[in-house]
2 protein chains.
Amino acid sequence: MRPDASSPHRPPADWALTGVSRLVTMAPHLPGAVGTLGVIAHGALAARAGRILWVGPEAALTEAVDLAGATRLEAGGCAVLPGFVDSHTHFVFAGDRAEEFHLRHAGVSYEELARQGRGILSTVRATRAASEEELRALARVRLRGFATHGTTTVEGKTGYGLDVASETRCLAVMGELAREPGLPTIIPTFLGAHTLPPEYRADPRDRERYVDLVIEEMLPAFAGQARFCDVFCERGAFTVEEARRILERARTLGYALKLHANQLGPSGGARLAAELGATSADHLDFATDAELDLLREAGVVGTLLPGCSFTLSAPYPSGRRLRDRGVRVALATDFNPGTSYCENMQLIVALAVSAMGMTLEEALIAATRGGARALDLEREIGSLEPGKRCDLVLLDTPDERALAYHFGVNLVARTILGGQVYTAL
Amino acid sequence: MRPDASSPHRPPADWALTGVSRLVTMAPHLPGAVGTLGVIAHGALAARAGRILWVGPEAALTEAVDLAGATRLEAGGCAVLPGFVDSHTHFVFAGDRAEEFHLRHAGVSYEELARQGRGILSTVRATRAASEEELRALARVRLRGFATHGTTTVEGKTGYGLDVASETRCLAVMGELAREPGLPTIIPTFLGAHTLPPEYRADPRDRERYVDLVIEEMLPAFAGQARFCDVFCERGAFTVEEARRILERARTLGYALKLHANQLGPSGGARLAAELGATSADHLDFATDAELDLLREAGVVGTLLPGCSFTLSAPYPSGRRLRDRGVRVALATDFNPGTSYCENMQLIVALAVSAMGMTLEEALIAATRGGARALDLEREIGSLEPGKRCDLVLLDTPDERALAYHFGVNLVARTILGGQVYTAL
């Protein structure tokens with residue numbers, strides 16, 4: 001028995017990581033951390049109860065913490081980063097839309113696809129028809145895919161249920177999966193205002209009736225379960241006025257706010273996000289400079305989703321433009337069955353570098369700290385600092401600069417969720 | 001003992017694949033095959049000695065072949081395709097150029113990078129300095145990466161040696177790896193005319209001396225080892241006249257011909273490829289309609305390499321344009337350390353759909369049959385037909401239409417090389 005095992009000067013760790021070539025902390029203010037990514041060469045990390053206890057050069061590890069009871073992980077010379085924070089996804093749904101995707105690329109018009117009953121409403125039909133067990137099994141497989149590619153926190157939106165029972169089921173799925181061990185952290189968002197449900201499309205007055213349903217029944221019912229309320233504010237979805245009504249009510253019920261804004265045109269959503277002090281405004285393909293200034297002044301994170309541009313063969317939003325106007329940027333997958341079937345944040349980072357004018361450093365910050373901020377979780381996740389959750393990834397290469405450069409593959413060798421090694425099943 | 005075990009009416013198989021949801025043969029003329037991809041629903045496949053013996057509906061399998069001595073693989077309901085044929089790569093080199101990549105994206109000019117000694121010559125330096133063992137170990141890891149992502153044939157170019165000894169070493173590496181079991185088939189190409197070596201850049205007359213070296217020493221020396229001769233015909237590399245001299249000599253020595261043509265500008269390479277009857281002309285970003293017509297008439301495959309556009313943040317070549325002019329198209333990765341560090345043909349297919357105006361069917365044909373044709377191997381590989389090599393991939397999904405739609409990940413569950421299950425090490 002070591003006399004100093006419980007010394008207050010050397011707090012006991014239950015987990016420690018050594019053998020790291022470059023510990024990319026994303027915390028440049030840490031002692032010994034270099035550059036905007038806060039890289040500690042030959043860095044080490046100790047954790048207790050799933051939280052980071054200490055970060056620093058490996059040479060200082062044993063002086064800093066008591067490793068007597070610690071599980072040790074030897075990184076074998078690879079680079080280590082915080083886990084990716086994917087702050088915008090729709091991972092709870094049934095069915096897929098591969099056929100629609102290929103018909104669209106073969107030149108079939110949007111109108112024809114809608115006439116065939118394809119599009120978002122086909123996902124709503126499939127999701128409503130699925131049992132909670134089916135939805136949970138599908139979502140679990142997807143969450144494992146996120147983890148395999150290095151994502152440790154996944155925001156998930158409802159919005160394919162669009163009635164009280166189905167939206168409830170989707171939130172229940174996220175709640176149950178959040179309690180399962182060995183999966184990424186789930187942050188649920190209520191997106192009842194994703195699209196007008198089919199049964200509210202016959203009569204023009206139905207729009208208002210559905211918005212009333214969201215405001216009067218759904219929002220109060222889900223206030224304890226969803227951390228955010230989001231609205232798809234776009235032509236063809238919900239107007240600025242409808243979005244304002246929903247989000248103002250959500251705010252009084254304790255939800256933090258998000259907006260799908262300016263994806264397909266100048267929807268006014270970005271301006272509304274700034275007005276309401278939303279946590280994030282997402283997409284922003286068509287945001288004006290004036291709107292970006294409003295977002296910056298209101299402290300709203302701009303979340304860019306290049307997977308949509310990839311899927312829709314559309315121009316990519318400019319990350320450089322947001323940066324130049326001082327908007328805090330997050331990158332996310334927008335994982336969903338219609339416009340971005342991709343759970344790999346490494347490719348999203350590569351797209352940001354290839355097509356959005358971002359440097360790797362900017363893209364990695366946006367994919368970790370930016371995502372954390374877009375979830376109001378910057379004190380919990382997004383960097384490797386004492387007190388934060390021990391969520392990190394080991395690459396299978398010694399240098400994080402392989403990311404974006406070596407693209408289209410999975411460079412993540414292991415994902416650590418709360419100090420536990422994730423095992424792909 | 002079964003009396004009919006050696007019946008001529010039921011040839012014995014040593015390998016059989018069942019439980020396939022969709023057998024995508026790429027051979028639409030086969031009986032029961034549907035559509036341009038020749039899909040056989042619930043198809044099965046039998047092989048002997050690494051060659052496909054029979055393809056058809058699973059219900060007919062046992063009547064068609066004798067399975068008494070066959071190893072059985074049960075696909076578990078997934079889709080099966082021919083392995084990808086990656087007909088343009090540079091997988092033998094040492095060093096990497098991640099730092100150069102990121103400096104370029106951070107705005108550092110090409111001239112400044114060259115002044116720092118970066119660019120292709122840095123790969124030449126590293127490759128020359130590497131031992132054959134080192135080069136082989138690096139190349140082996142990369143070949144495993146290709147196999148993991150579903151590629152069963154990989155063309156590989158020399159061109160980072162640029163002197164007799166180093167080019168010899170690179171060809172030796174490919175020759176040795178070609179004899180190792182459990183790796184993709186390797187098709188070696190001699191690309192001595194990749195760039196002017198550093199020791200031939202001082203005096204303008206050095207150019208001709210190097211071209212002479214290629215023609216008089218290298219070409220004869222490598223005639224037994226490399227199947228193709230390729231030239232990088234581009235401003236800054238080799239002129240049309242130099243390329244013609246090299247390729248005409250190569251042809252007399254029995255090489256088939258390839259050309260890096262019209263990647264960065266109107267180099268005239270495409271016209272030369274047609275004139276010489278090259279097997280393929282590769283890149284073609286700047287080929288004119290008239291040049292495409294010449295390629296079509298000469299039966300030259302146009303090989304498109306979207307990984308370069310991704311890496312260089314450049315416009316993508318239009319696959320639709322080649323198709324509309326009747327040029328046979330191949331898709332390949334151009335895997336190399338400078339302009340396309342990607343070994344995943346699935347992403348190349350997705351880029352073709354997202355950014356090059358190709359449908360999934362066109363892209364899959366280009367990535368299999370097209371690649372085979374670009375290697376003069378259309379009778380050997382590229383489709384699932386009796387007599388061809390038993391090279392195929394099992395996806396982890398029942399429908400090949402997940403490709404391009406579900407992007408940025410590896411959908412290949414297993415790769416089969418010559419009837420042997422590839423095992424990632």
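For region A:399-425, a residue qualifies if it is within 11 Å of chain B (Cβ to nearest Cβ) and touching a Lys or Arg at 6+ places or on another chain (Cβ under 7 Å), and the qualifying residues are A:Asp399, A:Glu400. When B:Asp96 is tested against (1) within 21 Å of B:Met174 (Cα to Cα); (2) at pLDDT 95 or above; (3) surrounded by fewer than 23 Cβ atoms within 10 Å (Cβ to Cβ); (4) not aromatic (Phe, Trp, Tyr), only condition (2) is not met. Residues considered: B:Asp212, B:Asp230. Of these, the only one that is open to solvent by less than 10 Å² (accessible area, probe 1.4 Å) and among the charged types (D, E, K, R) is B:Asp230. The C-beta contact set for region B:110-121 (first residue in contact (Cβ under 8 Å) with a residue 24 or more places away in the chain, second residue assigned to a helix (DSSP H, G or I), distance under 9 angstrom, 6+ apart or interchain) comprises B:Gly119/B:Glu100; B:Gly119/B:Tyr110; B:Gly119/B:Leu113; B:Leu121/B:Ala114; B:Leu121/B:Pro198. Of everything in region A:76-110 that is part of a strand (DSSP E or B) and within 18 Å of A:Gly145 (Cβ to Cβ), the residue that is nearest to the chain's Cα centre (by Cα) is A:Asp86. Scanning region B:284-307 for residues that are under 30 Å from B:Phe93 (Cβ atoms) and either free of Cβ contacts under 8 Å to residues at least 12 places away in the same chain or surrounded by fewer than 24 Cβ atoms within 10 Å (Cβ to Cβ) (or both) turns up B:Asp285, B:Phe286.
Considering only region A:285-349, give the helices (runs of 4 or more DSSP H) lying wholly within it that have at least 3 residues that are within 28 Å of A:Ala147 (Cα to Cα) and among the hydrophobic types (A, V, I, L, M, F, W, C). If you could, list the steps in order and put the result at the bottom.
Numbers: elements: A:289-298, A:306-312, A:319-324.
Ranges flagged: A:306-312.
Condition first: touching a strand residue (DSSP E or B) at 6+ places or on another chain (Cβ under 8 Å) and surrounded by fewer than 24 Cβ atoms within 10 Å (Cβ to Cβ). Now tell me which residues in region B:309-326 satisfy that. Selection gives B:Arg323 alone.
The residues on offer are A:Gly224, A:Gly236, and the sole one that is closer than 21 Å to A:Glu155 by Cα, assigned to a loop (DSSP other than H, G, I, E, B), out of contact with any Phe, Trp or Tyr (no Cβ under 8 Å at 6 or more places or on another chain) and in the same structural domain as A:Phe190 (by TED's automatic domain parsing) is A:Gly224. Beta carbons closer than 6 Å, at least 6 apart along the sequence or on distinct chains, pair a first residue in region A:21-35 that is closer than 13 Å to A:Glu362 by Cα with a second that is open to solvent by 50 Å² or more (accessible area, probe 1.4 Å) and not in a loop (DSSP other than H, G, I, E, B) for A:Met26/A:Arg369.
Can you tell me which residues in region A:346-367 are surrounded by 24 or more Cβ atoms within 10 Å (Cβ to Cβ), out of contact with any Pro (no Cβ under 7 Å at 6 or more places or on another chain) and at the interface with chain B (Cβ under 9 Å from one of its Cβ atoms)? A:Gln346, A:Leu347, A:Ala350, A:Val353, A:Met358 - these are the residues of region A:346-367 that are surrounded by 24 or more Cβ atoms within 10 Å (Cβ to Cβ), out of contact with any Pro (no Cβ under 7 Å at 6 or more places or on another chain) and at the interface with chain B (Cβ under 9 Å from one of its Cβ atoms). With respect to the conditions (1) more than 24 Å from A:Pro306 (Cβ to Cβ); (2) open to solvent by 10 Å² or more (accessible area, probe 1.4 Å); (3) not charged (D, E, K, R), B:Leu375 lacks only one, and its number is (2).
The values are calculated or read from the model by the stated rules, or taken from the named source; none is laboratory data. Small disclaimer: the values here were computed from a predicted structure and weren't measured. Please note: Cβ atoms are built from the backbone with ideal geometry, for glycine as well, and neighbour counts cover all protein chains shown. Accessible surface areas use protein heavy atoms only, side chains included; no ligands, DNA or RNA. Shrake-Rupley method; radii C 1.70, N 1.55, O 1.52, S 1.80 Å.
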